[in-house]
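Below you'll find the structure, written out as structure tokens, and then a few comments.
The values are calculated or read from the model by the stated rules, or taken from the named source; none is laboratory data. As the structure is a prediction and not an experimental result, all values here were calculated from the model. All Cβ positions, even for glycine, are placed from backbone atoms using ideal geometry, and neighbour counts span all protein chains on display.
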Amino acid sequence: MNLTEFLSRATQCSGLPGNEQEVAAFMREAFAPYCEQVQVDALQNMIAHLPGEGGGPKIYVCAHLDEIGLIVTGIEDDGCLRFSQMGGVDPRILPASEVNVLCDPPLHGVIGAKPPHILSEADRKKNYRREDLYIDVGYPAEEVRKRVSIGDRVQLTGPLTQLSGDYVACKTLDDRACCAILYLCAQALSQMRHKADVYLVCSSQEEVGSRGAKTSVYAVDPDLAIAIDVTHADMPDCAADETHDIDKACFTCGPNIHPRMLDAVLGVAKDIHVEHELSACSGETWTDAAELQISRVGVPTVLMELPLKYMHTTVETISLRTLREQARLLAAYIASLDENWEDTICF
């Protein structure tokens, strides 16, 4: 399938933290034609293996497949649902949203809130709190209680929308767009000769603590690792050091990142003319890279980031050209690894 079809299908799969079965199954099906072995493990990590010709390192590359969302915590007497959040959901984006309650069968609902006409003057000056919001599925309480249980997951909705040029907007591009980078990389590597033993992983539960990366990297036990996640693209009224050019690949530097390995990746980027910029992080990156770096005895790790506007909303926006360029760079870097790979990380 092409990139647009992949993103359209991947972003609509359900994959709330701890319940990533549907999106993991989609990833397994998508990657299978390009990999020797594809499996989904006990934590719903999708692990695709592309053996090399030998002599190169074992490299682990991951992007997370889970998404932010909600979880049902109560049912009101009028049938409306109260909820809590899974991952970083900003309650200000929720009023007027459409959602899918993932019971059996799923229910479509809307998130309501008191309109300004009946709010007090003091309340009109406040931001919405999650505790003040609710999901209306259109059924009376008796019917809702038959169909919905406490703990049912709730997925936000938002279709893939083509904007002008090479830009698209959608829910869950954090981080399904980065899974698409792995997908394009798998396609490219299947047509290339490479010595590295490659594991491409769509990891679970990143939004609640990088649990899938922690377990899957321990199982793979790689020599090198790359995490791929989103970062904030330029938006109006943002500080220059907080956002990045949406049309360039972004790489983090700091204590979470191996400096020599980063130099090697950036060297390949320069050689093949991939535009990029750096982002400084003085501590933990709060991505899967944090867990990869300290797995077992430690793994040299790089973090590649895809600039994205409006993170953790249903209209996250990216450049498809930047995504493709990052996939091209990832495949080229992996193909560059040979018997002398240790020279690129030794001080």
Of (1) in a loop (DSSP other than H, G, I, E, B); (2) touching a strand residue (DSSP E or B) at 6+ places or on another chain (Cβ under 6 Å), residue 47 satisfies all except one. Which?
(1)
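The rows are residues; the columns are (1) assigned to a helix (DSSP H, G or I); (2) buried (at least 24 other Cβ atoms within 10 Å of the Cβ).
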| site | (1), (2) |
| --- | --- |
| 261 | yes, no |
| 270 | yes, no |
| 298 | no, no |
| 330 | yes, yes |
| 346 | no, no |
Can you name every residue in segment 20-31 that is surrounded by fewer than 19 Cβ atoms within 10 Å (Cβ to Cβ) and farther than 29 Å from residue 337 by Cβ?
21, 22, 25
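Yes/no matrix, rows are residues, columns are (1) in contact (Cβ under 8 Å) with a residue 24 or more places away in the chain; (2) charged (D, E, K, R); (3) touching a helix residue (DSSP H, G or I) at 6+ places or on another chain (Cβ under 6 Å):
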{"residue": "288", "(1), (2), (3)": "yes, yes, yes"}
{"residue": "292", "(1), (2), (3)": "yes, no, yes"}
{"residue": "300", "(1), (2), (3)": "yes, no, yes"}
{"residue": "305", "(1), (2), (3)": "yes, yes, no"}
{"residue": "309", "(1), (2), (3)": "yes, yes, no"}
{"residue": "315", "(1), (2), (3)": "yes, no, no"}
{"residue": "321", "(1), (2), (3)": "yes, yes, no"}
{"residue": "332", "(1), (2), (3)": "yes, no, yes"}
{"residue": "339", "(1), (2), (3)": "yes, yes, no"}
Any hit, segment 131-139, residues being surrounded by fewer than 17 Cβ atoms within 10 Å (Cβ to Cβ) and in contact with a Phe, Trp or Tyr (Cβ under 9 Å, 6 or more places away or on another chain):
no
Residues satisfying the stated conditions in segment 45-87, i.e. closer than 17 Å to residue 200 by Cβ and among the aliphatic types (A, V, I, L, M)
46, 47, 48, 50, 59, 61, 63, 65
Kindly indicate the residue of segment 242-256 that is crowded, with 20+ Cβ neighbours inside 10 Å and over 22 Å from residue 167 (Cβ atoms) and also farthest from the chain's Cα centre (by Cα) among those meeting that condition.
256
Return yes when residue 119 is outside the structural domain of residue 15 (by TED's automatic domain parsing), free of Cβ contacts under 8 Å to residues at least 12 places away in the same chain and surrounded by 10 or more Cβ atoms within 10 Å (Cβ to Cβ) and no when it is not.
yes
Looking across segment 32-46 at residues that are in contact with a helix residue (DSSP H, G or I) (Cβ under 8 Å, 6 or more places away or on another chain) and either of a type in the set (D, E, K, R) or buried (at least 24 other Cβ atoms within 10 Å of the Cβ) (or both), the single one that is farthest from residue 194 (Cα to Cα) is 44
What number of residues within segment 195-254 are over 23 Å from residue 297 (Cβ atoms) and without any contact (Cβ under 8 Å) to a residue 60 or more places away in the chain?
9
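Which is in a helix (DSSP H, G or I) and among the aromatic types (Phe, Trp, Tyr), of 139, 183, 199? Walk me through it before giving the result.
On the way: 139 fails: in a helix (DSSP H, G or I); 199 fails: in a helix (DSSP H, G or I).
Going through 139, 183, 199 in turn, the sole match is 183.
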Give the residue that is surrounded by the most Cβ atoms within 10 Å (Cβ to Cβ), with candidates limited to residues of segment 272-295 that are in a loop (DSSP other than H, G, I, E, B) and at pLDDT 95 or above.
287
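Which residues, taken from segment 50-97, are of a type in the set (Gly, Ala, Ser) and part of a strand (DSSP E or B)? It would help to see each step written out before you state the result.
Narrowing segment 50-97 to residues of a type in the set (Gly, Ala, Ser): 52, 54-56, 63, 69, 74, 79, 84, 87-88, 96-97.
Within segment 50-97, 63, 69, 74, 84 qualify.
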